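Worksheet: one structure, shown below.
The values are calculated or read from the model by the stated rules, or taken from the named source; none is laboratory data. Not measured: the values here are computed from a predicted model. Glycine gets a Cβ as well: all are built from the backbone with ideal geometry, and neighbour counts include every protein chain shown.
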Amino acid sequence: MRAWVAVAAAAVLLAGCAAEPVRDPSGRLTAATTADAYAIQVGDCVGELGSGAVTKIELMPCDQKHYWEAFLQAALDGTDYPGDVALAKQSEERCTQAFADFVGVELKKSKYSFTYLSPTEQTWNGAKDRELVCLVGLPNGGVTGSLRGIGK
């Protein structure tokens, strides 16, 4: 599998630590900004994610050089935290299934990979966080433009 997975949405977001993204009437980002990780939407492009828990994320218009583009937001299954392994499996399956619909080619035939943001045990239990965000791109960055329907 060509998935690159190393990030999870963080437990506590500090009020005032990040700006609200600026969007045009269609919902597209109009300026780069650092925002709470929960502000990301499908079609948003982001900078480098790093590893570990993510509380803030660099959002930017897709015509600027970026690393990743959000291609799926979905609610994860379950009421009790499924455990790290089961959560990763569920997340990877959902992202892999949605990859071809967004990119236009199956993951194994694509030059791009994916990563995802998913709840930690703390956010699952404490904040009732069930949101999965799948991101397509390149771990080393250098992507310009949207990858929607790119077919490679």
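Could you tell me which of the residues E93, E121, E131, E106 is surrounded by fewer than 22 Cβ atoms within 10 Å (Cβ to Cβ), over 15 Å from L49 (Cβ atoms), touching a strand residue (DSSP E or B) at 6+ places or on another chain (Cβ under 8 Å) and among the charged types (D, E, K, R)? Can you show your working first?
On the way: E93 fails: touching a strand residue (DSSP E or B) at 6+ places or on another chain (Cβ under 8 Å); E121 fails: touching a strand residue (DSSP E or B) at 6+ places or on another chain (Cβ under 8 Å); E106 fails: touching a strand residue (DSSP E or B) at 6+ places or on another chain (Cβ under 8 Å).
Only one candidate passes the filter, namely E131.
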> Any idea which of (1) modelled with pLDDT of 95 or more; (2) under 12 Å from the mean Cα position of the chain (by Cα); (3) outside any loop (DSSP other than H, G, I, E, B) is the one I57 doesn't satisfy?
Replying inline: (1)
> within 13 Å of the chain's Cα centre (by Cα), in contact (Cβ under 8 Å) with a residue 12 or more places away in the chain, on the phi > 0 side of the Ramachandran plot and not in a helix (DSSP H, G or I): does that describe G43?
Replying inline: yes
>> Considering only the range 17-33, I want to know if a residue exists there that is at pLDDT below 95, closer than 26 Å to L87 by Cβ, of a type outside the set (D, E) and assigned to a strand (DSSP E or B).
In response: no
> So which residues in the range 60-89 are touching a residue at least 24 places away in the same chain (Cβ under 8 Å), surrounded by 14 or more Cβ atoms within 10 Å (Cβ to Cβ) and over 12 Å from the mean Cα position of the chain (by Cα)?
Replying inline: M60, P61, C62, Q64, H66, L76, Y81, L87, A88
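Given the structure, is T96 at pLDDT 95 or above and more than 25 Å from V85 (Cβ to Cβ)? So that I can check it myself, show each step before the final result.
Working: at pLDDT 95 or above: yes; more than 25 Å from V85 (Cβ to Cβ): no.
No.
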